[in-house]
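Note sheet for the following structure.
The values are calculated or read from the model by the stated rules, or taken from the named source; none is laboratory data. In this text, all values refer to a predicted model and were calculated from it rather than measured experimentally. Counting neighbours? That spans all protein chains shown, and the Cβs are built from the backbone with ideal geometry, glycine included. When the accessible area is computed, the model is the full protein with side chains, heavy atoms only, and any ligands, DNA or RNA have been set aside. Shrake-Rupley method; radii C 1.70, N 1.55, O 1.52, S 1.80 Å.
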Amino acid sequence: VALALLASALLFGAIHLQPAGLPTLGTLGLVMGLALRQTGSLWPALLVHACWNGSIFLLMRAFA
């Protein structure tokens with residue numbers, strides 16, 4: 001399970017095609033994978049992803 005979580009987290013980070021963001025996005029992928037594993041539901045991971053995207057969007061709007 002640990003190897004699958006790490007592999008999927010790295011894949012999540014890599015699929016965004018942002019090499020500088022790989023550590024952050026990989027960590028985010030790991031958090032979402034752990035949330036899925038802990039709860040047995042995809043909803044917490046979806047909520048984390050939506051909050052992440054929303055916060056990035058708001059920060060880009062505020063500082064662009």
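Assess whether Gly21 counts as being within 9 Å of the chain's Cα centre (by Cα) and open to solvent by less than 80 Å² (accessible area, probe 1.4 Å).
Working: within 9 Å of the chain's Cα centre (by Cα): no; open to solvent by less than 80 Å² (accessible area, probe 1.4 Å): yes.
No.
Report yes if Ala2 is surrounded by fewer than 10 Cβ atoms within 10 Å (Cβ to Cβ) and at negative phi, otherwise no.
Details: surrounded by fewer than 10 Cβ atoms within 10 Å (Cβ to Cβ): yes; at negative phi: yes.
Here the answer is yes, as Ala2 does meet what is asked.
Residue under question is Gly13, and the condition is that it be assigned to a helix (DSSP H, G or I) and under 17 Å from Ser55 (Cβ atoms); does it hold? Steps first, answer last, please.
Working: assigned to a helix (DSSP H, G or I): yes; under 17 Å from Ser55 (Cβ atoms): no.
Spelling it out, it is not the case that Gly13 is assigned to a helix (DSSP H, G or I) and under 17 Å from Ser55 (Cβ atoms).
Restricting attention to segment 44-64, report how many residues are part of a helix (DSSP H, G or I), exposed (fewer than 11 other Cβ atoms within 10 Å of the Cβ) and of a type in the set (A, V, I, L, M, F, W, C). Explain how you work it out, then say what you get.
Looking only at segment 44-64, we keep the residues that are part of a helix (DSSP H, G or I), and these are 44-63.
With the extra rule that they be exposed (fewer than 11 other Cβ atoms within 10 Å of the Cβ), the set shrinks to 50-51, 53-63.
Keeping just the survivors that are of a type in the set (A, V, I, L, M, F, W, C) gives 50-51, 56-60, 62-63.
Adding up the residues that qualify gives 9.
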